[in-house]
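Enquirer: Have a look at this one.
Nothing in this text is a laboratory measurement; each read-out follows from the coordinates by a stated rule. Remember, predicted model here, so these are calculated numbers, not experimental data. Note that each Cβ is placed from the backbone with ideal geometry, even for glycine, and that neighbours are counted across all protein chains shown.
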Amino acid sequence: MIDYDPTRPKWEQIVDVLRARIVSGEYPPRTLISEVQLESEFGVARGTVRKATAALRDEGLIVTTPGMGSFVAEQA
């Protein structure tokens with residue numbers, strides 16, 4: 001779990017952590033982004049994780065395939 005800044009929404013802080021992992025290569029392209037694992041790791045509800053993944057999808061960092069899940073996108 002991370003120490004959350006009480007002045008910012010948790011989902012934004014989770015986005016920051018996940019974005020850093022993707023950019024650094026810790027999460028290489030095609031890595032599965034599991035909502036269940038993120039819930040457990042960050043100690044938050046599914047809705048919070050979904051807001052974070054939606055933001056990453058909007059940034060083009062992840063892609064979601066219905067029935068398969070969310071994966072780190074190939075970076076140009």
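Enquirer: May I have the pair-distance distribution P(r) for the chain, computed from all Cα-Cα distances with 5 Å bins from 0 and rounded to whole percent?
Expert: Over the chain, the share of Cα pairs per 5 Å bin runs 3, 16, 29, 27, 16, 6, 2, 0 percent.
Enquirer: Under 14 Å from the Cβ of Ala45, count the other residues' Cβ atoms, weight Lys and Arg +1, Asp and Glu -1, and hand me the total.
Expert: With Lys, Arg at +1 and Asp, Glu at -1, the neighbours total +1.
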